[in-house]
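Take a look at the structure set out below.
The values are calculated or read from the model by the stated rules, or taken from the named source; none is laboratory data. Note that the structure is a prediction, hence the values are computed from the model and not measured. All Cβ positions, even for glycine, are placed from backbone atoms using ideal geometry, and neighbour counts span all protein chains on display. With ligands, DNA and RNA removed, areas are computed over all heavy atoms of the protein, side chains included. Shrake-Rupley method; radii C 1.70, N 1.55, O 1.52, S 1.80 Å.
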Amino acid sequence: MPPPQSQRRQAVESDEDEDVHQRPDSPADDGNSDVDHMHGVERDETSQLIKKLVRYALACEYSRTPIRRDGIKERVLGVHGREFKKVFAGAQKQLRATFGMEMVELPTKDRNLLTVEQKRKATKSQSQKEPTSNSYMLVSGLPEHLRVPDIIAPSKVQSADGEAAYIGLYTMLISVITLSGGELSDPRLRRYLTRLNAAENMPSSNPNNENAPSEKTELVLQRMIKQGYLVRVADNKNAGDGDAITWHVGPRGKMEVDNEAIAAVVREVYGGGQQNEDLERKLQASLKVKDRKPPRSAAAGRAPATIQEDEEEEDAEEDDEPDPGPSTRRGRRG
């Protein structure tokens, strides 16, 4: 038998009264939980974007491709384009802590190397702000004394030998171009390649491969251009003239092989890695590099106890060897 209508009405009213008493607390609780949930989601999204940017930067560096800002927005951020600064800073922190690397901006292209059309576009888009390349590359953040081959060996992209040969070749070419005033004609470049026994062929990415231990020099030069180590400029006005083609150092080449690295190459090739005052004066005039002082002079700025220990070690070495050669320890420090 169903309950009377008056009883049903009383039951409904009592339920409504309970809801009225419970409702004031529920909106505040729901609001706090929603805010916490939103912050948690935002943190998770930012963390995922940072990890994604780190992977993207490593992948670009593996192929020696510039890390372009447009590429970051398109392939990493997507609809979160406004989070660029926060994600970039987080990725930098993670790269330094985990890999000992960081992203640095590549220099802009030299205006003198632009074509007429490129110069016209650059003039139209010129603004009050300084021009930026909006492109980055990874560089080592390790202290100088840790940047040695024993610690930073050539990467094994295809083979360590091929990578070492490739690094040696573009380092030598960048050094020659820089010491020639930043510009080298095509005939002169070919003469230097002939002296290096690389006029026709250069070591391949895997010189241990019996089927393809070498590859054509032109292909290697094109790769250096594509990766930003070299820039090849052709003057259409003097077409057919060998001097119409000139070679310059590209953005990546300027970052990887700076003047200090070029000076180190010159010291090794012409000075045998030993102290040479005449050579140092020429390097100072050409490259404006730091003067490499002899080890005894460099020790003058250190604590007296350390200097005394070094002098005692040198005296002991002189007693053991009447006519000693250059100290290996000094050579490494220089």
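At a 1.4 Å probe radius, which order do S286, S63, S204 fall into by accessible area, largest first?
Largest accessible area first, the list is S286, S63, S204.
What fraction, in whole percent, of alpha-carbon pairs in the stretch 128-217 exceed 18 Å separation?
So the pairs more than 18 Å apart make up 62 percent of the total in the stretch 128-217.
Among the listed pairs K85/K254; K86/K226; K73/K109, give every one whose C-alpha distance is greater than 24 Å.
Those over the limit are K85/K254; K86/K226.
Taking all protein chains together and a probe of 1.4 Å, list E102, E45, E268 from the most accessible to the least accessible.
E268, E45, E102
Roughly speaking, to the nearest percent, how much of the stretch 177-235's 1.4 Å accessible area is carbon and sulfur?
The C+S portion of the solvent-accessible surface of the stretch 177-235 is 45 percent.
Considering all alpha-carbon pairs of the stretch 178-222, what whole percent are spaced by more than 17 angstrom?
Taking all Cα-Cα pairs of the stretch 178-222, the fraction more than 17 Å apart is 42 percent.
Show me the ranking of peptides 49-55, 148-154, 213-219 by mean Cβ neighbours inside 10 Å, starting with the highest.
For the peptides 49-55, 148-154, 213-219, the packing ranking is 49-55, 213-219, 148-154.
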